[in-house]
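K.L.:
This is the structure I want to talk about, given as structure tokens.
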Amino acid sequence: MTLLMPPPDQASLDGREALVAALTRLLPAGAVISNRTALGAYECDGLTAYTEKPLAVVLPQTTAEVAAILALCSARGVKVVPRGAGTSLSGGALPLADGIVMAMARFNRILEVDLANRCIVAQPGVTNLALSQAVAADGLFYGPDPSSQIACTIGGNVAENSGGVHCLKYGLTTNNLLGAELVLMDGTVVRLGGKTLDGAGGYDLLGLITGSEGLLGVVTEVTVRVLPKPQAAGALLIGFADIAAAGACVAAVIRAGIVPGGMEMMDRAAIHAAEAYCAPGYPLDVAALLIVVLDGPDSEVPELMAAVSAIARAAGAVSLQETRDDRRRLAFWAGRKAAFSAVGRLSPDYLCMDGTIPRRRLAEILTTISALSATHDLRCVNVFHAGDGNLHPLILYDANVPGELDRAEAFGADILRACVAVGGVLSGEHGIGVEKRDLMDTMFDATDLAIQQRVKCAFDPAGRLNPGKVFPTLHRCAELGRLHVHGGKLRFPDLPRF
């Protein structure tokens, strides 16, 4: 995919020193980074194929500081890219040469643990894993658990609507977010939701900002739901001689009305890489491996495990391990959680893709990916959330070989087009960012995209927050026209074609 970022605003570039001076006056000592060497630490996020140094990086610590920074940048016409831990894999936090990066790492405190309401109030720089750790002694946990949970922050999770291996049963970020504090580009502070959503009226603005990728505002506080830990849990490690049989098993489990706590699949290359990396005890003579976790009441788990075992055998499983031992179950997951790191040993570089398809099309899409691998002459390792059809193909390449990055991107774009063609979507949890921006028209027509951009205009009329992300073509809000109501019917003016 060709990356076309907005051209630098020369006025902003010429005024860099004045901007840095103004920001330095506004913030405490050490909260503004402007040294060109030091800015290198912020020049990319997890999509390391693209880099850009910003004008400066600011490290606010209070909502008032965030509001002041945004108001200053709004008045000066300076663009702002919000950043969490930088683990985004779609380029969502890629800086702009004529903008600043607002890094939220200093917003790192849990403000309240409310056991009565089973929720946590936290700043956006708190890591995902820290939320569960904060309530572990009370028998609770936070549901969404991305593979990067040890590093990724809850603010970034809100921006990307992150999921994880347990999202099939416990939901994505949007299903576990109760409230948020948001600062708009002009410095206005807004509160949405709270400790309970019961009786909430009006538009679901909390749902709107979840997954908005930093285009609408900067989150400065979140309230998330925490859940009771299941009374019991068991795990199955199921091997299949071919991918199609594994896909059929996934569909059969869900069709039977069983909702596992997690249901992951790995192909042969991923299995071997994980076993070599951390020795979780995976069988090496299978083409596909399902990891299924079943949790719930003590009386229910054995029955569920027996039901899934029967379904797996009927689907053609060639190996099956069952355990209710916590250490062994965690070992099963250790290989899956380490899969991305393990695959890093196979190639100097890889692209981690993210698309979602209907479960029943798993075998078809994996066959397509295999064919595309041959077409683009690049290897691909498949690790994915099988239960909800969220694929994570890892395309192996070497950035030092001329043309390989271009081929890897073309391969990835073809995978995503194939996902959409079978009724899927461009992202399950990584977001659009810059990686998939130019593919948005495979899912949405010009009217759809223009209406989405109107929402952006309502929050950020000048388009200063994280511009160049998500939408394939940039438009000034004035170009999109106004909404008109005639005779009680909602009509739109002529919209630009993309």
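The values are calculated or read from the model by the stated rules, or taken from the named source; none is laboratory data. The structure presented is a predicted model; accordingly, all values stated were derived computationally and were not measured. Cβ coordinates were reconstructed from backbone atoms using ideal geometry, including for glycine residues, and neighbour counts include every protein chain displayed. All accessible areas refer to the heavy atoms of the entire protein, side chains included, with ligands and DNA or RNA removed. Shrake-Rupley method; radii C 1.70, N 1.55, O 1.52, S 1.80 Å.
K.L.:
I want to confirm something. Restricting to segment 253-273 and keeping residues that are open to solvent by 20 Å² or more (accessible area, probe 1.4 Å) and not charged (D, E, K, R), which single residue is nearest to the chain's Cα centre (by Cα)?
P.N.:
By that ranking, first place goes to 259.
K.L.:
Also, quick follow-up: Of these, 130, 97, which one is out of contact with any strand residue (DSSP E or B) (no Cβ under 9 Å at 6 or more places or on another chain) and either surrounded by fewer than 24 Cβ atoms within 10 Å (Cβ to Cβ) or free of Cβ contacts under 8 Å to residues at least 40 places away in the same chain (or both)?
P.N.:
Working: 130 fails: out of contact with any strand residue (DSSP E or B) (no Cβ under 9 Å at 6 or more places or on another chain).
Exactly one residue qualifies, and that residue is 97.
K.L.:
How about segment 293-319: which of its residues are in a helix (DSSP H, G or I) and without any contact (Cβ under 8 Å) to a residue 24 or more places away in the chain? If you could, list the steps in order and put the result at the bottom.
P.N.:
Applying the first criterion (in a helix (DSSP H, G or I)) to segment 293-319 yields 301-314.
Passing the criteria: 303, 306, 310, 313.
K.L.:
Output the number of the condition that residue 305 fails; it satisfies all remaining conditions of (1) modelled with pLDDT of 95 or more; (2) open to solvent by less than 60 Å² (accessible area, probe 1.4 Å); (3) out of contact with any Asp or Glu (no Cβ under 7 Å at 6 or more places or on another chain).
P.N.:
(3)
K.L.:
What number of residues in segment 436-469 are in a loop (DSSP other than H, G, I, E, B) and within 16 Å of residue 355 (Cβ to Cβ)? Break it down stepwise before answering.
P.N.:
Here is the first cut: in segment 436-469, the residues in a loop (DSSP other than H, G, I, E, B) are 436, 443-445, 460-464, 466-469.
If we keep only those that are within 16 Å of residue 355 (Cβ to Cβ) as well, we get 436, 443-444.
Of the residues in that region, 3 qualify.
K.L.:
When only residues in segment 274-292 that are of a type in the set (A, V, I, L, M), surrounded by fewer than 16 Cβ atoms within 10 Å (Cβ to Cβ) and not in a helix (DSSP H, G or I) count, which is modelled with the highest pLDDT?
P.N.:
Step one: list which residues in segment 274-292 are of a type in the set (A, V, I, L, M), which gives 274, 276, 279, 284, 286-292.
Going one step further and asking which of them are surrounded by fewer than 16 Cβ atoms within 10 Å (Cβ to Cβ), we end up with 276, 279, 284.
With the extra rule that they be not in a helix (DSSP H, G or I), the set shrinks to 279, 284.
Values: 279: 93, 284: 96.
This residue is 284.
K.L.:
Can you go through 351, 346, 378 and tell me which one is open to solvent by 30 Å² or more (accessible area, probe 1.4 Å) and not in a helix (DSSP H, G or I)? If you could, list the steps in order and put the result at the bottom.
P.N.:
Numbers: 351 fails: open to solvent by 30 Å² or more (accessible area, probe 1.4 Å); 378 fails: open to solvent by 30 Å² or more (accessible area, probe 1.4 Å).
After ruling out the rest, the residue left standing is 346.
K.L.:
Further question: Does segment 161-177 hold any residues that are crowded, with 24+ Cβ neighbours inside 10 Å and part of a helix (DSSP H, G or I), and which are they?
P.N.:
Across segment 161-177, the qualifying residues are 167, 173.
K.L.:
Now for a separate question. Which one of the conditions (1) within 30 Å of residue 99 (Cα to Cα); (2) over 21 Å from the mean Cα position of the chain (by Cα); (3) aliphatic (A, V, I, L, M) does residue 222 fail to meet, given that it meets all the rest?
P.N.:
(2)
K.L.:
Would you confirm whether any residue within segment 178-201 is outside any helix (DSSP H, G or I), within 28 Å of residue 258 (Cα to Cα) and touching a residue at least 40 places away in the same chain (Cβ under 8 Å)?
P.N.:
Scanning segment 178-201 turns up at least one residue that is outside any helix (DSSP H, G or I), within 28 Å of residue 258 (Cα to Cα) and touching a residue at least 40 places away in the same chain (Cβ under 8 Å).
K.L.:
Give all pairs with beta carbons closer than 9 Å in which a residue from segment 107-123 that is touching a residue at least 60 places away in the same chain (Cβ under 8 Å) and within 13 Å of residue 176 (Cα to Cα) meets a residue that is assigned to a loop (DSSP other than H, G, I, E, B) and open to solvent by less than 10 Å² (accessible area, probe 1.4 Å); count only pairs at least 6 apart in sequence or on separate chains.
P.N.:
Listed by first residue and then by second, the contacts come to 118/226; 119/226; 120/126; 120/142; 120/226.
K.L.:
Can you say whether residue 242 is acidic (Asp, Glu), modelled with pLDDT under 95, more than 30 Å from residue 469 (Cβ to Cβ) and open to solvent by 20 Å² or more (accessible area, probe 1.4 Å), as far as the supplied structure shows?
P.N.:
Working: acidic (Asp, Glu): yes; modelled with pLDDT under 95: yes; more than 30 Å from residue 469 (Cβ to Cβ): yes; open to solvent by 20 Å² or more (accessible area, probe 1.4 Å): yes.
Considered against the rule, which asks whether it is acidic (Asp, Glu), modelled with pLDDT under 95, more than 30 Å from residue 469 (Cβ to Cβ) and open to solvent by 20 Å² or more (accessible area, probe 1.4 Å), residue 242 comes out as yes.
K.L.:
Which ones in segment 170-190 are closer than 24 Å to residue 352 by Cα and touching a helix residue (DSSP H, G or I) at 6+ places or on another chain (Cβ under 8 Å)? Talk me through it step by step, then tell me what you get.
P.N.:
In the first step, residues of segment 170-190 are kept if they are closer than 24 Å to residue 352 by Cα; the result is 170-174.
Answer for segment 170-190, where residues must be closer than 24 Å to residue 352 by Cα and touching a helix residue (DSSP H, G or I) at 6+ places or on another chain (Cβ under 8 Å): 173, 174.
K.L.:
Still on this structure: Which pairs turn up if I take residues in segment 50-69 that are among the β-branched types (Val, Ile, Thr) and look for partners that are assigned to a loop (DSSP other than H, G, I, E, B) and surrounded by fewer than 20 Cβ atoms within 10 Å (Cβ to Cβ) with beta carbon separation below 8 Å, at least 6 apart in sequence or on another chain?
P.N.:
51/43; 51/44; 57/34; 58/27; 58/31; 69/27
K.L.:
Could you list, in sequence order, the residues of segment 207-231 that are among the hydrophobic types (A, V, I, L, M, F, W, C) and open to solvent by less than 20 Å² (accessible area, probe 1.4 Å)?
P.N.:
So in segment 207-231, the residues among the hydrophobic types (A, V, I, L, M, F, W, C) come out as 208-209, 215-216, 218-219, 222, 224, 226-227.
If the condition is that a residue be among the hydrophobic types (A, V, I, L, M, F, W, C) and open to solvent by less than 20 Å² (accessible area, probe 1.4 Å), then 209, 215, 216, 218, 222, 224, 226 are the ones that fit.
K.L.:
Now a separate question. Tell me, which residue of segment 318-327 that is touching a strand residue (DSSP E or B) at 6+ places or on another chain (Cβ under 7 Å) and open to solvent by 30 Å² or more (accessible area, probe 1.4 Å) is farthest from residue 271 (Cα to Cα)?
P.N.:
324
K.L.:
Moving on to the next point. Picking from 427, 370, which residue would you name as being of a type outside the set (A, V, I, L, M, F, W, C) and over 22 Å from the mean Cα position of the chain (by Cα)?
P.N.:
Details: 427 fails: over 22 Å from the mean Cα position of the chain (by Cα).
Going through 427, 370 in turn, just one is of a type outside the set (A, V, I, L, M, F, W, C) and over 22 Å from the mean Cα position of the chain (by Cα): 370.
K.L.:
Among the residues that make up segment 63-79, is at least one of them open to solvent by 50 Å² or more (accessible area, probe 1.4 Å), within 30 Å of residue 395 (Cβ to Cβ) and modelled with pLDDT of 95 or more?
P.N.:
no
K.L.:
State yes or no: is residue 158 open to solvent by less than 10 Å² (accessible area, probe 1.4 Å), outside any helix (DSSP H, G or I) and closer than 14 Å to residue 82 by Cα?
P.N.:
Values: open to solvent by less than 10 Å² (accessible area, probe 1.4 Å): yes; outside any helix (DSSP H, G or I): no; closer than 14 Å to residue 82 by Cα: yes.
Here the answer is no, as residue 158 does not meet what is asked.
K.L.:
Which of the residues belonging to segment 410-435 are among the charged types (D, E, K, R), surrounded by 21 or more Cβ atoms within 10 Å (Cβ to Cβ) and not in a loop (DSSP other than H, G, I, E, B)? Step through it out loud before you land on a result.
P.N.:
Just the residues of segment 410-435 that are among the charged types (D, E, K, R), to begin with: 414, 417, 429, 435.
Those left that are additionally surrounded by 21 or more Cβ atoms within 10 Å (Cβ to Cβ): 429, 435.
Correct list: empty.
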